[in-house]
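> Right, I'll just put the structure down here and ask away after.
Values quoted throughout were computed directly from the atomic coordinates according to the rules given, and no laboratory measurement underlies them. Computed from a predicted model, the values in this text were never measured in an experiment. Cβ coordinates were reconstructed from backbone atoms using ideal geometry, including for glycine residues, and neighbour counts include every protein chain displayed.
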Amino acid sequence: MKTNVKKLSSLSHNEAAVLLLMILFLAGVFIGTMLFGRLNGEQLESLGRVTGSLIDNRLGQTFLQTLMNSFSGAFVLLLGCFILGYSAVSQPVEIIIPVFRGLGMGVSLAGMYSRYGIRGFGMSMVLIIPGGIISAFVLMFAVREALRMSGSICMIIFSDRNIQRTLDHKLYFTKFVILTAILVISSLIDSLFTFLFADFWTGLL
């Protein structure tokens with residue numbers, strides 16, 4: 001009975017951590033959208049040109065180029081989480097990662113809608129949101145694991161208790177390998193959507 005209660009408690013804690021990180025991500029999306037709305041006309045025009053250039057380049061890329069670009073951006077943050085997890089004082093930086101990811105997505109969505117109107121909404125549903133949501137969840141779980149490892153190392157350094165055995169480096173590495181694999185699948189889906197709909201969206205631009 002005690003074991004079951006402990007498991008339920010652990011699951012509840014995990015869900016709470018993911019929920020908090022999800023809220024931070026959504027806050028980043030909201031802030032990114034609001035920041036875009038506060039730009040003046042010249043700044044909006046400049047950012048709109050950048051957005052248009054990025055979309056044109058993406059629609060003109062090969063499947064492999066799109067895959068590499070889709071994977072690399074999120075993987076840098078994933079690798080950052082893995083490295084930060086081995087620091088005892090990196091928790092504040094780890095918490096910022098979902099916000100940072102959300103900021104980028106919010107600005108991208110606002111830029112698409114600002115430049116292309118209702119077409120931008122449809123393009124976002126295909127080119128940004130599917131891969132963005134999956135990669136965001138991957139990063140949330142990565143941040144959660146990094147926070148756990150950082151917390152354990154912090155306790156080892158600053159606590160009198162000997163908890164050295166609680167550091168499971170192999171499990172930590174395995175979880176990030178799994179998250180990387182999921183990110184690869186996400187990038188494949190993202191690239192496939194772009195490849196399948198490239199001609200359609202190019203015709204609307």
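> Of the chymotrypsin sites (Phe, Trp or Tyr not before Pro) in region 53-158, which ones lie in a loop per DSSP and count no more than 15 other C-beta atoms within 10 Å?
Here the sparse-neighbourhood loop sites are Tyr86.
> Still on this structure: Once label points are set 7 Å from the Cα along Cα→Cβ at both Arg38 and Gln65, what is their separation, rounded to one decimal in nm?
3.6 nm
> With the crude spin-label approximation of a point 7 Å out along Cα→Cβ, what separation in nm comes out for Leu19 versus Leu188?
Those two pseudo-labels are separated by 3.3 nm.
> Calculate one ³J(HN,Hα) per residue across region 85-101 by plugging θ = phi - 60° into the Karplus curve 6.51 cos²θ - 1.76 cosθ + 1.60, and present them in order as whole Hz with x for glycine and proline.
Calculated HN-Hα couplings, in order: x, 8, 10, 6, 10, 9, 4, x, 5, 4, 5, 6, 4, x, 5, 4, 4 Hz.
> Extension gain Leu79-Cys154, at 0.36 nm per residue separation less the Cα-Cα distance, in nm?
Value of the extension gain: 25.0 nm.
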